[in-house]
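Worksheet for the structure shown next.
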Amino acid sequence: QQPVQSPQAVILREGEDAVINCSSSKALYSVHWYRQKHGEAPVFLMILLKGGEQKGHEKISASFNEKKQQSSLYLTASQLSYSGTYFCGTEKILGSGNTGKLIFGQGTTLQVKP
Amino acid sequence: GAVVSQHPSRVICKSGTSVKIECRSLDFQATTMFWYRQFPKQSLMLMATSNEGSKATYEQGVEKDKFLINHASLTLSTLTVTSAHPEDSSFYICSAEGAGGTQYFGPGTRLTVL
């Protein structure tokens with residue numbers, strides 16, 4: 001039931017764009033995106049709660065297609081600081097109410113080179 | 001805002017000893033905290049959900065008698081690894097649930113069991 005992220009890894013030059021996808025086999029209540037640098041804690045990027053919702057954070061934005069049970073993270077004009085591993089965390093829809101539990105994808109490693 | 005601390009950041013212990021890890025939300029109250037385990041270059045695996053004033057909810061396959069969780073207040077949850085063995089060596093990360101369901105992560109605790 002772990003969401004599947006693609007690609008597993010991507011290498012970019014500064015200024016290039018990237019898209020990271022997150023797909024689930026279960027109906028989703030929300031999708032959370034985090035970035036983790038080596039040896040550090042994951043840092044919250046954004047949360048998407050509604051189907052079709054799009055959110056932006058500086059040059060990083062994301063969309064959530066509830067029907068397709070997937071979310072995409074868009075990184076535009078990438079900077080060196082964007083390097084790290086990106087995780088999506090998905091929260092399933094439960095009949096009795098949501099627990100807030102997140103199941104994380106396997107991660108996408110992004111390396112931005114000068 | 002939304003800062004979560006963990007203590008200790010790194011611990012080395014002998015096999016058979018118990019280790020306590022603290023997770024604190026410094027500038028907000030968290031009814032719910034989560035404990036994760038992360039192996040090198042792998043995803044975050046949810047171990048348990050810690051609820052203030054009630055018993056923790058453990059994920060399938062996680063031994064509740066080995067990983068004791070106590071959520072004593074709205075700003076503190078502790079994870080005690082009892083009778084630690086080398087296979088328990090890992091990076092343990094907690095998160096605290098803030099407004100809107102966002103999870104804010106602590107910096108993690110690197111546990112090494114000799």
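The values are calculated or read from the model by the stated rules, or taken from the named source; none is laboratory data. Bear in mind that the values here come from a model prediction, so they are computed numbers and not experimental data. Note that each Cβ is placed from the backbone with ideal geometry, even for glycine, and that neighbours are counted across all protein chains shown. These accessible areas exclude ligands, DNA and RNA; they are computed on the full protein's heavy atoms, side chains included. Shrake-Rupley method; radii C 1.70, N 1.55, O 1.52, S 1.80 Å.
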*Can you tell which of B:34, B:96, B:16 lies farthest toward the positive end of the dipole of chain B, using +1 and -1 charges on the Cβ of basic and acidic side chains (Lys, Arg; Asp, Glu)?*
B:16
*With every protein chain left in place, what is the accessible area per residue of the protein assembly as shown in square angstrom, probe 1.4 Å?*
49
_Above-threshold pairs, the threshold being 19 Å between Cα atoms, out of A:101/B:66; B:41/B:64; A:37/A:113; A:37/A:92; A:37/B:66_ = A:101/B:66; B:41/B:64; A:37/A:92; A:37/B:66
*Each label point is 7 Å from the Cα along the Cα-to-Cβ direction; what then is the distance between the points at residue B:39 and residue B:83, in nm?*
2.2
_Taking each residue in A:83-93, count the Cβ atoms of any other chain within 10 Å of its Cβ, then average. What number comes out?_
1
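From the C-alpha coordinates alone, can you work out the Kirkwood hydrodynamic radius of chain A, in Å?
Values: mean 1/r = 0.0709 Å⁻¹.
Taking every pair of different Cα atoms in chain A, averaging 1/r and inverting gives 14.1 Å.
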*Output the residues of region A:8-54 meeting this criterion: accessible area (heavy atoms, 1.4 Å probe) in the chain alone minus accessible area with all protein chains in place is 20 Å² or greater.*
A:32, A:34, A:36, A:39, A:41, A:42, A:44, A:47
*Could you grab the relative contact order for chain B? Cα pairs under 8 Å, six or more apart, rounded to a whole percent.*
37
*Kindly provide the pair-distance distribution of region A:1-60 built from C-alpha pairs, with 10 Å bins from 0 and whole-percent values in order of increasing distance.*
16, 48, 33, 3
*Find the Cα radius of gyration of chain B, compare it with 2.2 N^0.38 Å by division, and give the number to two decimals.*
0.99
*Roughly how many Å is it from the Cα centre of region B:78-114 to that of region B:39-76, as a whole number?*
8
*Which whole-number value in Å³ per residue fits the convex hull of the alpha carbons of the protein assembly as shown?*
121
*Could you state the principal axis extents of the C-alpha atoms in region B:20-76, from the largest down, to the nearest angstrom?*
30, 24, 18
*Within chain B, which cysteines find no other Cys whose Cβ is under 4.7 angstrom from their own?*
B:13
*Taking the simple approach of a point 7 Å from Cα along Cα-to-Cβ for both residue B:28 and residue B:60, what is their distance in nm?*
3.1
*How about residue A:55: which lysines have a C-alpha closer than 18 Å to its C-alpha, ignoring those fewer than 8 places off in the same chain?*
A:67, A:68
